[in-house]
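Chemist: Dropping a structure here in structure tokens format, bear with me for questions.
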Amino acid sequence: MGGMGELIVLAERLADRSRPAPGRAAAFFFDLSCPFSYLAAERVERILGDAEWIPTSGGPLGGLVWAQSPAARREAERRAVELRLPLVWPDGFPAASALRAAAYAAEIGAGARFALAASRLAFCGGFDLCDREILAEAAAAAGVPIDQCLAAAGDPGRDAPLLATARGLIARGVSELPAVRIEQRWIGGERALAAAGALMRAAGRPLAPAS
């Protein structure tokens, strides 16, 4: 039994994408259900350059509950005005299916394009990403194969890595999304983006241009 337990722990560690990746100075962790992730996503490439975009389940971090609360809506609306970004509320908050699709897009090198397209449909257009037609629109806009994207959206086997990454962030002291990793440091919250950019500048790391 101990051996099986050790294998489960090892599998979770391997699935946890919060760990530093060779050759990537920065990573951006987001949940498509989170308006603050959207507000940060619009500025990631300008501030962090070629960061790795990693979808993460906000559930263990209380993300979905917080994102839907009246206080969060007011704060998100205030920040949107402050950042001069559009913000409307979607017909429904994205479900697990949209995050699974985002994970597939990240696997094929289209993580940033898909996340931006999906976030804009939800928080600029007010569309429900639970709708497969809307999800297909996001895939098309990002250059992601639509059939494979929709198949990924319907695959609950993709939930475990998303949860493992969220738990990895919690273990590293992150309590909210979006989050940013700069080498061996993790910062949580929408305002983490500016702090992360300052860290990179202080370390003298030039921003690699986003592809």
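The values are calculated or read from the model by the stated rules, or taken from the named source; none is laboratory data. As the structure is a computational prediction, the values presented were derived from the model and not from experiment. Don't worry about glycine lacking a Cβ; one is built from the backbone with ideal geometry, like all the others, and counts go over all protein chains shown.
Chemist: Could you tell me whether any residue of the stretch 56-69 is at pLDDT 90 or above, within 19 Å of residue 185 (Cβ to Cβ) and surrounded by 11 or more Cβ atoms within 10 Å (Cβ to Cβ)?
Modeler: Yes, there is a match, as at least one residue in the stretch 56-69 is at pLDDT 90 or above, within 19 Å of residue 185 (Cβ to Cβ) and surrounded by 11 or more Cβ atoms within 10 Å (Cβ to Cβ).
Chemist: How about the stretch 83-116: which of its residues are among the hydrophobic types (A, V, I, L, M, F, W, C), in a loop (DSSP other than H, G, I, E, B) and in contact with an Asp or Glu (Cβ under 8 Å, 6 or more places away or on another chain)?
Modeler: 85, 87
For (1) polar (S, T, N, Q); (2) surrounded by fewer than 20 Cβ atoms within 10 Å (Cβ to Cβ); (3) in contact with a Phe, Trp or Tyr (Cβ under 7 Å, 6 or more places away or on another chain); (4) free of Cβ contacts under 8 Å to residues at least 40 places away in the same chain, each residue gets a yes or a no:
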{"residue": "98", "(1), (2), (3), (4)": "no, no, no, no"}
{"residue": "104", "(1), (2), (3), (4)": "no, no, no, no"}
{"residue": "118", "(1), (2), (3), (4)": "no, no, no, no"}
{"residue": "124", "(1), (2), (3), (4)": "no, yes, no, yes"}
{"residue": "145", "(1), (2), (3), (4)": "no, yes, no, yes"}
{"residue": "148", "(1), (2), (3), (4)": "yes, yes, yes, no"}
{"residue": "163", "(1), (2), (3), (4)": "no, yes, no, no"}
{"residue": "168", "(1), (2), (3), (4)": "no, no, no, no"}
{"residue": "172", "(1), (2), (3), (4)": "no, yes, yes, no"}
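Chemist: What's the total number of residues in the stretch 70-92 that are modelled with pLDDT under 90, surrounded by 12 or more Cβ atoms within 10 Å (Cβ to Cβ) and not aliphatic (A, V, I, L, M)?
Modeler: Result for the stretch 70-92: 4.
Chemist: Restricting attention to the stretch 175-194, which residues are surrounded by fewer than 24 Cβ atoms within 10 Å (Cβ to Cβ), of a type in the set (D, E, K, R) and over 21 Å from residue 77 (Cα atoms)?
Modeler: Matches in the stretch 175-194: 183, 185.
Chemist: Let me ask something additional. Determine which single condition residue 131 fails, assuming it passes every other condition in (1) within 21 Å of residue 29 (Cβ to Cβ); (2) modelled with pLDDT under 95.
Modeler: (1)
Chemist: Which condition number does residue 72 fail, the rest of (1) over 15 Å from residue 135 (Cα atoms); (2) in contact (Cβ under 8 Å) with a residue 60 or more places away in the chain being met?
Modeler: With respect to (1) over 15 Å from residue 135 (Cα atoms); (2) in contact (Cβ under 8 Å) with a residue 60 or more places away in the chain, residue 72 is out only on (2).
Chemist: For the stretch 123-133, what are the residues that are over 20 Å from residue 45 (Cα atoms) and either in contact with a Pro (Cβ under 9 Å, 6 or more places away or on another chain) or part of a loop (DSSP other than H, G, I, E, B) (or both)?
Modeler: Listed by number, the residues that qualify are 125, 126, 127, 128, 129, 130, 131.
Chemist: So, one more: Kindly indicate which of 118, 112, 95 is touching a strand residue (DSSP E or B) at 6+ places or on another chain (Cβ under 7 Å), within 18 Å of residue 177 (Cα to Cα) and among the hydrophobic types (A, V, I, L, M, F, W, C). Show your work before the answer.
Modeler: On the way: 118 fails: touching a strand residue (DSSP E or B) at 6+ places or on another chain (Cβ under 7 Å); 95 fails: touching a strand residue (DSSP E or B) at 6+ places or on another chain (Cβ under 7 Å).
Only one candidate passes the filter, namely 112.
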